[in-house]
Amino acid sequence: MNLVLVAEQTLNGLQLGVMLFLLAAGLTLVFGIMNLVNLAHGALYMVGAYLTTWFYQNTGSFALAVALGLAGTLVVGIVVELVALRTLYERDHLDQVLATFGLILFFNELVAILWGRSAIYSTLPPYLSGHVELFGTMRYPLYRLVIIGIGMAVAVLLWFVVSRTRLGMLIRAGASNRAMVAALGVDIRLLYTIVFGFGAALAGLAGLLAGPIFAVQPGMGELILIQVFVVIVIGGIGSIRGAFAGALIVGMVDTMGRAFLKPVLSALISPAAGDAAGPALASMLIYLLMAAVLAFRPEGLFPSRGS
Amino acid sequence: MQKNTRTLLTGLLAAAFITTPAWGQQKVKIGFISTFSGPGGVIGTDMRNSVELALDHLGRKVGGLDAEIIYGDDQQKPDVGKQVSDEMVKKHQVNFVAGIIWSNVMLAVAPSVTQAGTFMIGTNAGPHQLAGEGCNEMFFTTSWQNDQTPEAMGKYMQDAGINDVYIMAPNYAAGKDMLTGFKRTFKGRIAGEVYTTVNQPDYQAELAQLRAKNPKAVFVFYPGGMGINFLKQYSEAGLRGQFPLYSVYTVDELTIPAVKHAALGQLETRYWSQDLKNEANVKFVGDYRKKYGGKTPSFYGAQSYDGIMLIDSAVRGVKGNLADKKGMIATMRKADYKSTRGKYSYGHNHFPIQNFYLLKAVAGPATASDPVMEVQKTVFANYKDSYGKDCKMKW
């Protein structure tokens with residue numbers, strides 16, 4: 001019984017981890033390669049959730065809605081890069097933070113104008129809403145398994161693109177030494193647009209996966225963005241590998257903390273201590289972890305090479 | 001010289017008399033603080049809509065005086081709420097501060113407003129501190145004390161003979177009050193008591209723990225967007241059929257459109273429902289639907305509407321003399337206005353003594369429409385909160 005529960009929470013941790021990874025991958029690339037602090041990444045996650053939910057309501061096909069939602073977020077990402085972010089690359093980080101914070105407000109208001117302030121109705125297609133029997137006694141929601149599967153597939157795909165293709169070579173080179181890449185005659189602006197667009201699409205993917213099980217409402221991106229920043233700090237800025245490891249670590253630590261910290265504290269110290277400290281400590285756990293990483297390995301667990 | 005002084009004094013007296021009728025042109029200034037941005041923004045919007053409707057019903061006047069209403073966004077943060085209320089009290093010199101959704105924000109705002117000699121009219125949050133030792137003659141609320149609503153649900157579940165209940169709430173002032181209240185009237189076994197992080201989007205880990213405990217029923221408090229997340233995931237995890245879910249402030253007119261069938265059959269306790277048949281409520285709900293494109297108001301809106309009506313009654317009671325605070329306190333203590341919940345009275349701590357009902361989310365009138373909340377029965381009649389005994393105020 002207990003072992004089954006641990007297994008189930010491991011799956012939950014994995015699922016939260018891959019979700020964070022989808023967001024962190026784009027954010028870390030944009031920061032590592034373009035040296036841009038993009039607070040508006042959560043807004044793109046929200047855009048993905050809204051577009052897909054809206055397309056699903058209007059087309060009735062979840063698969064089509066996913067395709068349109070992804071493409072839509074990609075386009076929104078590229079437009080944002082072309083219109084707003086281009087002018088910010090040479091500015092310092094404080095300007096970028098201010099400008100991308102402005103983008104958060106812009107997007108939150110925009111979706112509130114288009115769809116209203118209330119959360120909009122979103123649901124799963126029937127073929128994804130069942131359960132799967134695992135290890136005999138455990139019933140696990142099918143959709144959560146689908147999220148894990150998609151996240152893993154994206155991780156493999158990203159690894160392939162980054163380490164085995166010409167585009168990936170340029171991305172890695174850009175992360176290591178931007179000036180040199182530009183000097184070698186690579187159109188760094190185009191590379192930036194592509195990287196940002198795909199980062200946006202990944203955020204959109206996370207958002208559209210979240211749509212059916214989370215509240216689709218203005219500001220939904222900011223709730224998860226903080227954890228994503230923690231992932232990047234732990235994993236090492238600019239590194240896909242780091243983002244993957246960081247996301248899984250944060251996903252696991254957060255889930256396990258929420259699930260088992262209180263019972264463990266109750267058993268080890270006293271039930272009163274578990275009740276009092278358990279929930280508070282569980283919500284702090286990933287930040288404590290981040291603080292520890294910053295203290296002992298400030299560059300993160302898997303920093304991108306050469307930076 | 002003496003004559004001059006007399007002339008001057010006469011002039012002064014005359015001037016004083018001239019300014020007296022100017023009370024008639026005096027303005028009532030109300031600072032309304034709520035959450036208008038982020039996930040809580042939907043609640044603030046419903047409150048603001050209801051305030052505007054109340055002003056429409058009053059002919060845009062409050063107590064016969066011209067009214068100016070200033071809205072402030074607390075962003076669901078106590079420090080921001082305090083800042084906004086300070087600005088309203090000091091810069092705008094409002095006569096009343098009203099609103100406030102969140103108990104932790106209320107605890108930061110109310111004391112500083114009342115200390116400045118300004119009225120604080122709460123229209124949602126009812127932290128126990130303000131009902132007990134921290135009660136204040138300048139503080140009134142048109143809502144409830146946090147513990148009361150879960151006390152009603154605890155009573156209902158106790159009477160229904162349900163045992164082994166797993167209880168959950170977000171980890172902040174109101175979450176603690178809610179579970180404390182529930183445990184006050186529910187005497188059966190608590191299978192587990194869990195506090196989650198405020199605005200946490202995903203509950204999958206907690207739901208797995210819940211299933212492992214195999215309780216007979218589940219009781220939760222998840223207001224606003226948290227409720228949407230929780231209900232969706234509760235259904236998605238297949239727990240809906242397994243463990244009956246009871247809640248307070250989780251399923252309401254604001255969350256139902258986002259969860260639709262996932263809310264069907266849900267039981268809640270509440271002091272108000274859209275189908276209460278008193279005159280004020282029929283007018284409020286009907287006109288709200290007319291004004292806001294067919295949307296149904298929530299209890300957040302009803303309380304805020306009542307808040308403006310209470311202020312109106314206070315200003316009317318002193319014939320527009322806003323300097324007469326004692327007079328306004330005395331008037332408000334009578335709760336002499338047409339409330340959307342029907343007639344109620346005030347306890348000596350300025351918290352309402354009122355009915356609490358059992359509500360159920362039932363299928364809407366048309367096949368395509370969302371579920372609606374309807375009153376099933378009265379759980380408590382004229383129910384007083386449990387903290388009044390710690391309140392030293394006498395009247």
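Any read-out appearing in this document is the output of simple, stated calculations on the displayed coordinates, not a laboratory observation. All values derive from a computational prediction rather than experimental measurement. Reconstructed Cβ throughout: ideal geometry from the backbone, glycine too, with neighbour counts over all protein chains shown.
What the table below lists for this structure:
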quantity: Trypsin sites (Lys or Arg not before Pro), loop per DSSP, at most 12 other Cβ atoms within 10 Å - longest free stretch of chain A; calculated: A:92-304
quantity: Low-density loop positions, chymotrypsin sites (Phe, Trp or Tyr not before Pro), region A:134-173 - DSSP coil, at most 10 other Cβ in 10 Å; calculated: A:F135
quantity: Fewest-first sequence of B:D159, A:D254 by Cβ atoms within 10 Å of each Cβ; calculated: B:D159, A:D254
quantity: Cα-Cα over 29 Å, subset of B:K183/B:K290; B:K183/B:K392; B:K27/B:K338; calculated: B:K183/B:K290
quantity: Reach of B:K325 by Cα under 15 Å, taken over aspartates and glutamates that are not fewer than 8 positions away in the same chain; calculated: B:E137, B:D312
quantity: All lysines inside 18 Å of B:K187 as judged from Cα atoms, apart from same-chain residues fewer than 8 positions distant; calculated: B:K155, B:K176, B:K216
quantity: About the Cα centre, charge dipole magnitude for the protein assembly as shown (Lys/Arg +1, Asp/Glu -1 at Cβ), debye; calculated: 920 debye
quantity: Value at 222 nm in deg cm²/dmol, rounded to 500, when DSSP H runs of n ≥ 4 in chain B each add -39,500 (n - 2.57); calculated: -12000 deg cm²/dmol
quantity: Two-decimal Rg/Rh across the protein assembly as shown, once Rg and the Kirkwood Rh are taken from alpha-carbon atoms; calculated: 1.02
quantity: Cα-based reach from B:K295 at 19 Å (exclusive), listing aspartates and glutamates while leaving out same-chain residues under 8 positions away; calculated: B:D46, B:E52, B:D56, B:D252, B:E253, B:D275, B:D287, B:D306, B:D370, B:E374
quantity: Highest-fluctuation residue, B:S369, B:S34, B:S345 considered, GNM on chain B with Cα pairs under 10 Å; calculated: B:S369
quantity: Overall dimensions of region B:273-361 by Cα: Rg and Dmax, Å; calculated: 14.5, 46
quantity: Considering only the protein assembly as shown, percent of DSSP beta bridges that pair antiparallel, nearest 5; calculated: 40 percent
quantity: Ellipticity estimate at 222 nm from DSSP helix runs (n ≥ 4, -39,500 (n - 2.57)) divided over chain A, nearest 500; calculated: -26000 deg cm²/dmol
quantity: Spatial separation of Cα centroids for region B:151-199 and region A:173-247, in angstrom; calculated: 41 Å
quantity: Per-q log10 I(q)/I(0), region A:56-165, q = 0.15, 0.18, 0.19, 0.22 Å⁻¹ (Debye; single scatterer per alpha-carbon; no solvent); calculated: -1.03, -1.18, -1.20, -1.24
quantity: Antiparallel DSSP beta bridges within chain B, as percent of all bridges there, nearest 5; calculated: 30 percent
quantity: Percent RCO, i.e. relative contact order, over chain B, from Cα pairs under 8 Å lying at least 6 residues apart; calculated: 18 percent
quantity: Computed over region A:9-218: relative contact order in percent, which uses C-alpha pairs under 8 Å that are six or more apart; calculated: 45 percent
quantity: Whole-angstrom Cα spans of chain A along principal axes, big to small; calculated: 62, 51, 36
quantity: Farthest toward positive dipole pole in the protein assembly as shown [+1 Lys/Arg, -1 Asp/Glu at C-beta], among B:G227, A:Q217, B:L267; calculated: B:L267
quantity: Intensity falloff of chain B expressed as log10 I(q)/I(0), Debye formula with alpha-carbon point scatterers, at q = 0.07, 0.11, 0.13 Å⁻¹; calculated: -0.33, -0.76, -1.04
quantity: Cα-based equivalent ellipsoid of region A:1-136: semi-axis lengths in Å, sorted from largest, via gyration tensor; calculated: 32, 22, 13
quantity: Calculated log₁₀ intensity ratio I(q)/I(0) where the Debye formula runs over C-alpha points of region A:51-101, q = 0.27 Å⁻¹; calculated: -0.89
quantity: Region A:175-307 - Rg and Dmax from Cα coordinates, angstrom; calculated: 19.0, 65
quantity: Taking only Cα atoms of region A:234-288, radius of gyration then Dmax in Å; calculated: 13.7, 43
quantity: Helical segments meeting 30 Å axial Cα length and Kyte-Doolittle 0.5 threshold in chain A (DSSP H); calculated: A:2-34, A:62-83, A:93-115, A:142-164, A:188-210, A:240-268, A:271-296
quantity: Exposure proxy order (Cβ contacts within 10 Å, fewest to most) of A:M290, B:M120; calculated: A:M290, B:M120
